[in-house]
């Protein structure tokens, strides 16, 4: 019996070691801590899969345990005044410096959007609460942390629309005056899916008066594809009204003159995107291939986030997993995410570009379903034309080498620079996805603290 017990103990130990061990590149510091952290996330993911298989609770419902476990009650302290409010019907947590006697100085403001793949996360999670407080103290700023609604209960574009409503509400002069905010020093920022929302909303509020000229070669693009392109511009900027559309039969040039929404009162000074996810057309870029099994965001999980953002149809998830989810309509926009054109050679590695397969009906979704949503720049900010990019504010983009989303950020930085936008691209050779949020024991990483310090320092100098 004793031998059986020893054998069972050794077997259990071997299985545990096998399960916990995950190959981690040498460039990443605190590798064993990352392995143990990733083990927890993988265990919860497997439990979520099992629960969904048994019909007990859906996958994202189980994964929300991470959000619930880290939720805190936002309360004021000696230096920061915290309130929970509604901005145009959307929940926000507002962090402000406590007023000193006679303090009438106008302050910076940061609108912050949490990550979590549009399905998880909360402005009330401990790491986001701490980040907001640190920004208030280090920047003497007001921070608005947005509690947007989540998928799969609320599919795209609901999370985006919540964020835009908050930003538009906050940018009103009367609201800025209420919080003593300098209207010329407002930033929008977010990490991961929050970076996606920050980029998309920045495009919408920053475009003042755009004239988009598009050359359409009718031998290549059908009228249906061009109609989609016009729809893309209108989706990206619903506040911009198309005043004239002129075409010439000789070269197919189409000019759109777009006018600004008169309700738009202020602009954003900067956008800060922390390892953002920016496109859903090509889920097989070099970083998706290189980091497909990397903690904390393996490719399967990122694809699942994308799929759940758009639809609960599992056939679309399977199409996205094989990178065959593009319809002929979205395929017309692949030029905006062609990584062979926008990735510096050092990021391409040994990978050769192969355009995603275009299916007649991606996952049976059709052109009016998720196949069309992936072409909407409110979901994929990389898809806007250069004319829109030129109107954007100064940008800070943080990317990590060991992150499936690395190439999204790098391509966006490249396109913004080519459009004439000032960009600070900070790349962490030993970074992994989500590192900036791991700053609290026992999952505190040195690189997370470094990222936070550099991010806030950039805001100090540029906001």
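The values are calculated or read from the model by the stated rules, or taken from the named source; none is laboratory data. On a predicted model such as this, the values are computed, not experimentally measured, just so you know. No Cβ is skipped: glycine too gets one built from the backbone with ideal geometry, and neighbour counts run over all protein chains shown.
Worth a mention:
- Helices (runs of 4 or more DSSP H) enclosed by the stretch 267-384 - at least 3 residues per element that are at negative phi and in contact with a helix residue (DSSP H, G or I) (Cβ under 9 Å, 6 or more places away or on another chain): 286-290, 299-310, 314-321, 328-331, 339-342, 370-373
- Unique residue being within 24 Å of residue 342 (Cβ to Cβ), in a loop (DSSP other than H, G, I, E, B) and in contact (Cβ under 8 Å) with a residue 24 or more places away in the chain when the list is 398, 416, 392: 392
- Of all residues in the stretch 43-81, those that are touching a residue at least 24 places away in the same chain (Cβ under 8 Å), under 18 Å from residue 440 (Cβ atoms) and either in a strand (DSSP E or B) or within 26 Å of the chain's Cα centre (by Cα) (or both) total 8.
- Taken over the stretch 127-178, residues that are in a loop (DSSP other than H, G, I, E, B) and farther than 19 Å from residue 309 by Cβ amount to 3.
- Residue match in the stretch 325-334 (condition: surrounded by fewer than 19 Cβ atoms within 10 Å (Cβ to Cβ) and modelled with pLDDT of 90 or more): yes
- Filter result for residue 88 (within 26 Å of residue 157 (Cβ to Cβ), surrounded by fewer than 21 Cβ atoms within 10 Å (Cβ to Cβ), in contact with a helix residue (DSSP H, G or I) (Cβ under 6 Å, 6 or more places away or on another chain) and in contact (Cβ under 8 Å) with a residue 60 or more places away in the chain): yes
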